[in-house]
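Notes follow once the structure below has been shown.
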């Protein structure tokens, strides 16, 4: 190859390079997207999808938490028992209506299944009481504490959070 041919080849190569660079500089796109724009649109789409899934997951998690920690009240049937006769030797009876307070659906199911046993525990305990045991508000608190202890013992690991008296009536004849 002669020197003249080499210069001619190098000029053609330079002209070709210039044409490519001028084509890009003028902003002609030839219908192709730049790789940077494709990556940016993929990243933005992924972020939006991630935020949407995170929101759905948080809502479901939050709903499960509320359901499991919500307070549920379970009413019991009315219980009537004869009280133990004291020194006075007068018959007396007690009529109560109780609602049990539990937290969560799982505890509710356990308590509902054990309700006959809970009623039995109430009746046996109340039949041993005397009228003098129920005098004043201290007697009611004593019943609540004693019943909570006895009921939670048979329900373990489930438990009741409270005993609410709807009716509490005692009659001495």
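Is it true that residue 97 is at pLDDT 75 or above, assigned by TED's automatic domain parsing to the domain that holds residue 158 and surrounded by 10 or more Cβ atoms within 10 Å (Cβ to Cβ)? Can you show your working first?
Working: at pLDDT 75 or above: yes; assigned by TED's automatic domain parsing to the domain that holds residue 158: yes; surrounded by 10 or more Cβ atoms within 10 Å (Cβ to Cβ): yes.
Yes; evaluated as a whole, the condition is true for this residue.
Report those helices (runs of 4 or more DSSP H) wholly inside region 93-173 carrying at least 3 residues which are under 24 Å from residue 83 (Cα atoms).
Details: elements: 105-113, 115-127, 136-155.
Per the criteria, 115-127, 136-155.
Looking only at region 141-173, count how many residues are closer than 23 Å to residue 72 by Cβ and in contact (Cβ under 8 Å) with a residue 24 or more places away in the chain.
The qualifying residues number 16.
Any residue that is in contact (Cβ under 8 Å) with a residue 60 or more places away in the chain and closer than 18 Å to residue 157 by Cα - is there at least one of those in region 97-106?
Residues of region 97-106 in contact (Cβ under 8 Å) with a residue 60 or more places away in the chain: 97-101.
In the following step, the residues that additionally are closer than 18 Å to residue 157 by Cα were identified as 100-101.
Among the residues of region 97-106, at least one is in contact (Cβ under 8 Å) with a residue 60 or more places away in the chain and closer than 18 Å to residue 157 by Cα, which makes the answer yes.
Conditions tested, residue by residue: (1) surrounded by fewer than 17 Cβ atoms within 10 Å (Cβ to Cβ); (2) modelled with pLDDT of 90 or more; (3) touching a helix residue (DSSP H, G or I) at 6+ places or on another chain (Cβ under 8 Å).
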{"site": "80", "(1), (2), (3)": "yes, yes, no"}
{"site": "87", "(1), (2), (3)": "yes, no, no"}
{"site": "92", "(1), (2), (3)": "no, no, yes"}
{"site": "106", "(1), (2), (3)": "yes, no, yes"}
{"site": "123", "(1), (2), (3)": "yes, yes, no"}
{"site": "142", "(1), (2), (3)": "yes, no, yes"}
{"site": "153", "(1), (2), (3)": "yes, yes, no"}
{"site": "165", "(1), (2), (3)": "yes, yes, yes"}
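The values are calculated or read from the model by the stated rules, or taken from the named source; none is laboratory data. Since this is a predicted model, take the numbers as computed values, not measurements. No Cβ is skipped: glycine too gets one built from the backbone with ideal geometry, and neighbour counts run over all protein chains shown.
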